[in-house]
Amino acid sequence: SLASTAITCFTRGLDLRKGTEDVLCPANCPLWQFYVFGDGVYASLSSICGAAIHRGVITNAGGAVRVQTLPGQDNYPAVNANGIQSQVLSRWASSFSVTAGTKNTALEAVGRAVSTARPSTGKRPKKALDKKAGNKDCKADIAFLIDGSYNIGQRRFNLQKNFVGKVAVMLGIGTEGPHVGVVQASEHPKIEFYLKNFTAAKEVLFAIKELGFRGGNSNTGKALKHTAQKFFSLENGARKGIPKIIVVFLDGWPSDDLEEAGIVAREFGVNVFIVSVAKPTTEELGMVQDIGFVDKAVCRSNGFFSYQMPTWFGTTKYVKPLVQKLCSHEQMLCSKTCYNSVNIGFLIDGSSSVGESNFRLVLEFVSNVAKAFEISDIGSKVAAVQFTYDQRTEFSFTDYATKEKVLSAIRNIRYMSGGTATGDAISFTTRNVFGPVKDGPNKNFLVVLTDGQSYDDVRGPAAAAQKAGITVFSVGVAWAPLDDLKDMASEPRESHTFFTREFTGLEQMVPDIIRGICKDFLDSKQ
């Protein structure tokens, strides 16, 4: 049989040379890095491993895939499947399909796969059957916020500890699996142990058994706010790009207000679950400050983040469904990802050398990049400025709060035609477009598109933009001088500078720009 080729998360259909090829996808590719166009038949721009997960041929644990090259087609559809949202593409020159590869080819590849299969994280790949690694399919950093108030009392407190212990064991804690910590809510919150303290289920179980009951009012709101703000720092063991989760256990009802704590948690990108036990009876409801406390505190009040148990007795059957929720990576709607936490400004060259039809291709490129992001009033935002000697803000970050409106605004941009003063345009955009959002929570990116030599200095204005916290990508076409492009781009310049001879080449750069934004976003996270 054919030997498999080990590929990376990023290998695209167009990177393969043969009509049919057996490949081996690595494990643990971050889903946000996949760029996939179509459904079943994928444009060859698509990531092969991304398409295979989308199709259900493999999971994120990787595996053998057979890739079959197919002719190009029109209208690749966008379909959400297996945690990957594929994108629409109007036309592409070639396609491929994916089916399950055969097992023996996978074995042959193992020897060679190790060095190339994983995107380099600087860590050596662990052996597959490593008990210490834990459940790699469950990526989560979890704080269990347990109820230590007089409401619950010593006896039920011990039952609560048993339940949390069972959840911790079933999660599959390990160096590459979930990490957990515990905070006790009572009068004042107390962080009992952090994510970094233990990476083995045995140690966690022991630490939970040792917890002492504190007593006092159930100031859950205070504890939730404290946990969201203090628990998930890098020095306390939170990991970049892994969902942050707080599971709040509540016996009865809170003594304080949860609404503000819920808002703070969402701002910090934390997914809050509430497990309520022994809900307040009709008589007791009069003592509850806010009857809707669960909906105000959880990440989203869509039912997914709230969980009820009638009592602390016989809770074993509730363990597995809770663990499944906590491991549903793609349901964690409050996590900050590059898709929902960036501002992207496009600076578009409207000079006369571009021409009307190429200008349409530039707008298509801008749309295709914007389309990949979750644009909303609490999510990512997009703005566009067109420049010649003059600058025109086509729309600012606050003008449109939905993807549909942004895409329609991009389509409606009218071509200006004129000279090229790129430096002035960068200064204008830094001041007028990024100025108003510079203290906001999103990370700022500027994508400069130009097809020629600027009449003014670009280096000074680009340095000022970067100093103001804006990451600059430069995209040059045709006569754009490489020196200008490099002078504008953020460090490392190689990965922030793009060039194509023809405007038709812009389409192929779309995945690279998106991947670049996501990589910078992850590298910058607290």
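The values are calculated or read from the model by the stated rules, or taken from the named source; none is laboratory data. Please read all numbers here as calculations on a predicted model, not as lab measurements. Heads up, the Cβs are rebuilt from the backbone with ideal geometry, glycines too, and the neighbour counts pull from every protein chain shown. The protein model used for the area step is the full one, side chains on, heavy atoms only, and it has no ligands, DNA or RNA in it. Shrake-Rupley method; radii C 1.70, N 1.55, O 1.52, S 1.80 Å.
With 21 Å as the limit on Cα-Cα distance, the pairs of 132/196; 296/325; 136/443; 438/486; 222/244; 222/320 that go past it are 136/443; 438/486; 222/320. Please give the Cα centre distance for the range 422-444 versus the range 188-212, rounded to the nearest Å. About 44 Å separates the Cα centre of the range 422-444 from the one of the range 188-212. For residue 371, the aspartates and glutamates whose Cα comes closer than 20 Å to its Cα, not counting residues fewer than 8 places off in the same chain, are 39, 74, 330, 394, 399, 404, 507, 512, 520.
Phi angles across the range 37-48 convert, under the Karplus curve 6.51 cos²θ - 1.76 cosθ + 1.60 with θ = phi - 60°, into 3J(HN,Hα) values of 10, x, 7, x, 9, 10, 4, 5, 5, 6, 5, 5 Hz, Gly and Pro given as x. The H on the amide N of residue 238, modeled in the peptide plane, is under 5 Å from the matching H of 233, each at least 5 residues off or on a different chain.
Projecting the Cα positions of 393, 363, 43 onto the charge dipole of the chain (unit charges on Cβ atoms of Lys, Arg, Asp and Glu, taken about the Cα centre) puts 43 furthest along the positive direction.
Summarising the strand pairing of the chain, around 35 percent of its internal DSSP beta bridges are antiparallel. Candidates 165, 277, 6 compared by Cα position along the dipole of the chain: farthest toward the positive end lies 165, with charges placed on Cβ.
With contacts taken as Cα pairs under 8 Å and at least 6 residues apart, the chain reaches a relative contact order of 9 percent. Ranking 464, 253, 449 by Cα position along the charge dipole of the chain, where only Lys, Arg, Asp and Glu carry charges on their C-beta atoms, puts 253 farthest toward the positive end.
Residue-wise HN-Hα couplings along the range 179-196, as the Karplus relation 6.51 cos²θ - 1.76 cosθ + 1.60 with θ = phi - 60° gives them from phi, are 10, 10, x, 10, 10, 9, 9, 8, 4, 10, x, 9, 6, 7, 7, 9, 4, 7 Hz; Gly and Pro carry x.
Sites counted here are trypsin sites (Lys or Arg not before Pro) in a DSSP loop (not H, G, I, E or B) having no more than 11 other Cβ atoms within 10 Å; the longest part of the chain that contains none of them is 241-413.
Computed over the alpha carbons of the range 141-331, Rg followed by Dmax gives 15.1, 47 Å. In the range 342-524, Cα pairs under 8 Å separated by at least six residues give a relative contact order of 23 percent. Placing dummy labels 7 Å off each Cα toward the beta-carbon, the span from residue 431 to residue 320 is 6.4 nm.
The share of accessible area on the range 141-331 that comes from carbon and sulfur is 53 percent, using a 1.4 angstrom probe. Note: the range 342-524, Cα convex hull, 96 Å³ per residue.
In a simple Cβ point-charge model (Lys, Arg +1; Asp, Glu -1; nothing else charged), the range 342-524 has a dipole of about 380 debye relative to its Cα centre. The ellipsoid equivalent to the alpha-carbon distribution of the range 236-370 has semi-axes of 45, 17, 13 angstrom, derived from the gyration tensor eigenvalues as √(5λ) and listed largest first. How would the range 5-100 be classified by its alpha-carbon gyration tensor: rounded, prolate or oblate, with rounded meaning a/c under 1.5 and the a/b versus b/c comparison settling the rest? Since a/c reaches 1.5 but b/c is at least a/b, the shape of the range 5-100 is classed as oblate. With the whole protein complex present, residue 420 retains an accessible surface near 10 Å², based on a 1.4 Å probe.
The modelled label-to-label distance between residue 233 and residue 203, using points 7 Å beyond Cα along the C-beta direction, is 2.1 nm.
The charge dipole of the range 347-433, taken about its Cα centre with unit charges on the Cβ of Lys, Arg, Asp and Glu (plus for the first two, minus for the last two), comes to roughly 120 debye.
The chymotrypsin sites (Phe, Trp or Tyr not before Pro) found in the range 456-526 that occupy coil by DSSP, while having at most 12 further C-beta atoms within 10 Å, are 479.
Average accessible surface for the chain: 44 Å² per residue, computed with a 1.4 Å probe over protein heavy atoms with every protein chain in place. Taking each residue as 0.36 nm, the span from residue 495 to residue 82 lengthens on full extension beyond its C-alpha to C-alpha distance by 145.7 nm. Checking every one of the GluC sites (Glu not before Pro) in the range 437-526 against DSSP loop status and a limit of 10 other Cβ atoms within 10 Å picks out 502. Placing R0 at 51 angstrom, the Cβ-Cβ distance between residue 175 and residue 357 gives a FRET efficiency of 0.40 after rounding to 0.05. Once backbone amide H atoms are built at 1.01 Å from N, residue 35 has 47 as its partners under 5 Å, excluding neighbours fewer than 5 places away on the same chain. Across the chain, how large is the tail of the calculated P(r) beyond 37 Å, expressed as a percent of all Cα pairs? Result: 40 percent of Cα pairs exceed 37 Å. Given +1 at the Cβ of Lys and Arg, -1 at the Cβ of Asp and Glu and no other charges, the dipole of the chain around its Cα centre is 2060 debye to the nearest 20. Between the amide H of residue 144 and those of 181, 182, 183, 247, distances stay under 5 Å, these residues lying 5 or more places away or on another chain, with hydrogens modeled in the peptide plane.
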